[in-house]
Amino acid sequence: YRNVIDKGLRCLLDVPHTSDRNAHHSLGRLCSQSPQPLGEKIPSLQISSVEQPPRHFPAWNIQINRSFHTSPSLQAAPVPLFWIIVKPAQKLFAIILGRSIRKWWKALPPNKRELFKESARKNKWKILLGVSSLGVVFVMFYFTHLEETPITRRARLLVFGKEHFRELSQMEYDMWMEQFKSQMLPETDARYQVVERVVGHLSESNKDIPQVAALKWVIHVVDEPGVNAFVLPNGQVFVFTGLLDAVSDIHQLSFILGHEIAHAVLEHAVKKASLVHFLDFLSLIFLTMIWAICPRDSLAVVGQWIQSKLQEFIFDRPYSRTLEAEADKVGLQFAAKACVDVRASSVFWQQMELAETIQGQPKLPEWLSTHPSHENRAEHLDRLIPEALKIREKCNCPSLSGPDPRLIFRLNMQHLLESSKGRQAPNSTKQDPSKPKLDFPHT
């Protein structure tokens, strides 16, 4: 049963820049009383502070997969078990129906084919009216199932009920716990305590938001080298130790966890599932037409594959990237209300970009991914940071001390490039041991 559900979820979901001005006002309206700076409440456990940059970036020494993302490829599937079984059956029915129509047409005598064509020409307006009516039904269904997204106030399509959403969130939680049962860190582990304090601080600082206050956030730290973290829609937080090794300071960790909490609060899993299933239902019509029109089964299979790829790259993946950008924006605002140094958010993605470059991993075009590229993500956050800094001020957060971590990163990169050129210079002599060794600046 577990294997069937697991495969069904993976088959159903390939799942986590808004310019909504209301997002700032809805988040900045209320803040916790006397918020404390994050650094004072949470000890930095083998994680350096922004004022004292590390001599090396932890992300350089870890293996980063090209598919790195801070949301799991398998999101909680907010769909009834009924859909897991029916979806493959629908496609099979469409294929059988289209193939039957093709065989029936080929078996007709030429004179009857001409009669059907002539009848279609005479009744073309009736046929057009029927097709238009069907289109109107789909449009009405779409607009009658739109709801307002919490915080950002954007319209979203919701097809599935919240009760199924909660049930299958629990099902996925059970599957993750079964998979990682031997890798869970105990509550006494220092790494677990850091994550617990960060999540607790974020939720306490944003408790004025009903969706944040309504969820009970439960922490799970997995001893896994992968750079990953995700939050299930029922408030179950999973963080891999590989992510704790990748971040440079507590502020980067706070932003990433704020991003994941935003996914849960904004209910991105149910939004993604609703859109995918709505498009899949529409695609059944085209699937039937492909198998009816193509003269051979082999051509129909190719046509079906082309149709699925067009849907994936035109609708599914761009929508996933939009959800990631929205979670970045809201997660940054969550972090700002918790008095985090929001400037560290873009530095994290610059470090990830640098790590991939150093490891020689190929750069794939963004349109091939479900997530924005690290570079574009950092640029997007840089544009959002001024607004997040204003939120910090409204929440009476202490002023940020020390240099901008983005400046420190640029200085470190400049020094790294200069050192690299010096090592690669021809006929270079060995360094005089009496002279100080060059290192990253500690401004």
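The values are calculated or read from the model by the stated rules, or taken from the named source; none is laboratory data. Please read these numbers as outputs of a predicted model, since none were measured by experiment. In this analysis, Cβ positions are derived from the backbone assuming ideal geometry, glycine residues included, and neighbour counts consider all displayed protein chains. Ligands, DNA and RNA are stripped out before the accessible areas are found, and what is left, the full protein with its side chains, is counted by its heavy atoms. Shrake-Rupley method; radii C 1.70, N 1.55, O 1.52, S 1.80 Å.
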Check your understanding: Which one of these does residue 359 not meet: (1) of a type in the set (S, T, N, Q); (2) at pLDDT 85 or above; (3) open to solvent by less than 60 Å² (accessible area, probe 1.4 Å); (4) out of contact with any Phe, Trp or Tyr (no Cβ under 8 Å at 6 or more places or on another chain)?
Key -> (2)
Practice item. Test residue 276 against the criterion of being open to solvent by less than 40 Å² (accessible area, probe 1.4 Å), in a loop (DSSP other than H, G, I, E, B), within 24 Å of residue 321 (Cα to Cα) and aliphatic (A, V, I, L, M), and give yes or no. Key: no
Check your understanding: Which residue pairs have Cβ atoms under 8 Å apart, sit 6 or more places apart or on different chains, and have a first residue in the stretch 328-351 that is at positive phi and a second that is part of a loop (DSSP other than H, G, I, E, B)?
Key -> 339/35; 339/36; 339/37; 339/395; 339/397; 339/398
Practice item. Go through the residues of the stretch 318-330 one by one and say whether even a single one is in contact with a Pro (Cβ under 8 Å, 6 or more places away or on another chain), open to solvent by 50 Å² or more (accessible area, probe 1.4 Å), closer than 30 Å to residue 282 by Cβ and of a type in the set (Asp, Glu). Key: no
Check your understanding: Residues in the stretch 205-217 that are open to solvent by 30 Å² or more (accessible area, probe 1.4 Å) and either modelled with pLDDT of 95 or more or part of a loop (DSSP other than H, G, I, E, B) (or both): how many?
Key -> 5
Point to revise | Selection from the stretch 233-270 of residues that are buried (at least 24 other Cβ atoms within 10 Å of the Cβ), hydroxyl-bearing (Ser, Thr, Tyr) and assigned to a helix (DSSP H, G or I) | key: 254
Exercise for review: List the number of the failed condition for residue 184; all other conditions in (1) under 22 Å from residue 265 (Cα atoms); (2) among the hydrophobic types (A, V, I, L, M, F, W, C); (3) open to solvent by 30 Å² or more (accessible area, probe 1.4 Å) hold.
Suggested key: (1)
Study note, to complete from the structure: How many residues of the stretch 148-204 are in contact with a helix residue (DSSP H, G or I) (Cβ under 6 Å, 6 or more places away or on another chain), at pLDDT below 90 and closer than 20 Å to residue 333 by Cα? The answer is 4
Check your understanding: How many of the residues making up the stretch 380-406 are exposed (fewer than 14 other Cβ atoms within 10 Å of the Cβ) and either in a helix (DSSP H, G or I) or of a type in the set (A, V, I, L, M) (or both)?
Key -> 4
